[in-house]
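The block underneath contains the structure these notes are about, expressed in structure tokens.
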Amino acid sequence: MLKESEKIWMDGKLVDWKDARVHVLTHTLHYGVGVFEGIRCYKTINGPAIFRLDDHVERLFSSAHIVNIDMPYSREEIREAIKETVTANRLEACYIRPIVYIGYGSMGLYVEDNPVNVAIAAWSWGSYLGDEGLERGIRVKISSFTRHHVNISMTRAKVPGYYVNSVLAKKEVKAAGYDEAVLLDPDGYIAEGSGENIFIIRKGRIKTTPLTSILEGITRESIIQIARDKGISVIEERFTRDDLYIADEAFLTGTAAELTPIREVDNRVIGSGKPGPVTKNLQETFFNIVYGKDTRYKDWLTYL
Ligand code: PPE
């Protein structure tokens, strides 16, 4: 069960957690078109701070633009609403979920006048793939489900309906005893995890999937920048499943998953079977940044 907090922001008002309800004929519930975000607020050494708030708000607006939803609020209003939600719940560290959905009105695929509703929830959420996973690495399996084709789903947008694919992939590999699923793109190259981007390291060089069938992850972008600032080469290039098998190191990135090392893929041990030196170094820097200890990237934190 998720850890309930007190209030949820709904269309401009903070309502009690238990009253944050929608009608069963909410359009998005039936057809999956909406947009959402996942953001983390960290308990830094200087108090709570939201990681890359502006970038998440920007992606929310880009997602809405892609799927042709007219945002009923400005970027500034959404940013303020996110901060208000965290503050109202007196949360020092939390996961924040803004969602924009087509509300109740007409049914059928083509609707013109249904309202566009916005809700923002925040709750305390620990490590996504387990504390042990963060520390020792996880076991992943290549899913039998393919990631979206670029002209089936426009994956630059974060749309609820797209996640059917992720949920099926995750369920499949969890049932087989693995921690996370990695999906291949329609051409058979590695795409991403069910809710994370993926990186491999070989001979000191980092490779990550280019922005085709994947979500343009904000953690991915942060890690690319951190690595390049350390003088490590990062290339965005397609790679194959066997490239992943023979990687010296591999890891996943995401707001929820943060930077989670991969220790095994399809029962093949990656590198030494433990998080490697580059992965550990990047993970340590990432955590120093989000906890406000590394001030080189202080622009990424919005203090409350
Ligand atoms: N790919 C997918 C498919 C994805 O869902 C996410 C985020 C990412 C990559 C990484 O993006 P970013 O968070 O900007 O670095 N997945 C969210 C969903 C988690 C959930 O279970 O819900 C997240 O991490 O918030």
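Kindly establish whether I82 is open to solvent by less than 30 Å² (accessible area, probe 1.4 Å) and within 30 Å of S272 (Cα to Cα). For I82, the condition - open to solvent by less than 30 Å² (accessible area, probe 1.4 Å) and within 30 Å of S272 (Cα to Cα) - is not met.
Residues checked against (1) open to solvent by less than 10 Å² (accessible area, probe 1.4 Å); (2) out of contact with any Lys or Arg (no Cβ under 9 Å at 6 or more places or on another chain):
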{"residue": "L252", "(1), (2)": "yes, yes"}
{"residue": "R263", "(1), (2)": "no, no"}
{"residue": "L282", "(1), (2)": "yes, no"}
{"residue": "F286", "(1), (2)": "yes, yes"}
{"residue": "D294", "(1), (2)": "no, yes"}
{"residue": "K298", "(1), (2)": "no, yes"}
{"residue": "T302", "(1), (2)": "no, no"}
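The set of residues in segment 198-231 being open to solvent by 50 Å² or more (accessible area, probe 1.4 Å) and within 10 Å of the ligand (Cβ to nearest atom) consists of E216, E221.
Please specify each residue of segment 17-35 satisfying the condition of being open to solvent by 20 Å² or more (accessible area, probe 1.4 Å) and either within 26 Å of T302 (Cβ to Cβ) or basic (K, R) (or both).
W17, K18, A20, R21
Report yes if some residue within segment 130-148 is in contact (Cβ under 8 Å) with a residue 40 or more places away in the chain, aromatic (F, W, Y) and farther than 22 Å from E258 by Cβ; otherwise report no. No, segment 130-148 contains no residue that is in contact (Cβ under 8 Å) with a residue 40 or more places away in the chain, aromatic (F, W, Y) and farther than 22 Å from E258 by Cβ. Does segment 154-162 contain at least one residue that is among the polar types (S, T, N, Q) and open to solvent by 80 Å² or more (accessible area, probe 1.4 Å)? Checked against the condition, which is being among the polar types (S, T, N, Q) and open to solvent by 80 Å² or more (accessible area, probe 1.4 Å), segment 154-162 yields no hits at all.
Okay, residues lined up against (1) at pLDDT below 95; (2) of a type in the set (A, V, I, L, M); (3) over 13 Å from A119 (Cα atoms); (4) within 16 Å of the ligand (Cβ to nearest atom):
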{"position": "H23", "(1), (2), (3), (4)": "no, no, yes, no"}
{"position": "L29", "(1), (2), (3), (4)": "no, yes, yes, no"}
{"position": "R40", "(1), (2), (3), (4)": "no, no, yes, yes"}
{"position": "V57", "(1), (2), (3), (4)": "no, yes, yes, yes"}
{"position": "R90", "(1), (2), (3), (4)": "no, no, yes, no"}
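The residue that is surrounded by the fewest Cβ atoms within 10 Å (Cβ to Cβ), counting only those in segment 53-66 that are among the aliphatic types (A, V, I, L, M) and closer than 21 Å to K298 by Cβ, is L53. Exactly one residue among I50, I69 is more than 27 Å from G126 (Cα to Cα) and open to solvent by less than 20 Å² (accessible area, probe 1.4 Å), and that residue is I69. Checked against (1) more than 16 Å from the ligand (Cβ to nearest atom); (2) open to solvent by 40 Å² or more (accessible area, probe 1.4 Å), G126 meets all criteria but (1). Here R241 meets each of (1) more than 21 Å from G137 (Cα to Cα); (2) open to solvent by 40 Å² or more (accessible area, probe 1.4 Å); (3) not aromatic (F, W, Y) with one exception, condition (1).
The values are calculated or read from the model by the stated rules, or taken from the named source; none is laboratory data. Just so it is clear, the model here is predicted, and its values are computed rather than measured. No Cβ is skipped: glycine too gets one built from the backbone with ideal geometry, and neighbour counts run over all protein chains shown. Side chains are part of the model used for accessible areas, which takes the heavy atoms of the whole protein and leaves out ligands, DNA and RNA. Shrake-Rupley method; radii C 1.70, N 1.55, O 1.52, S 1.80 Å.
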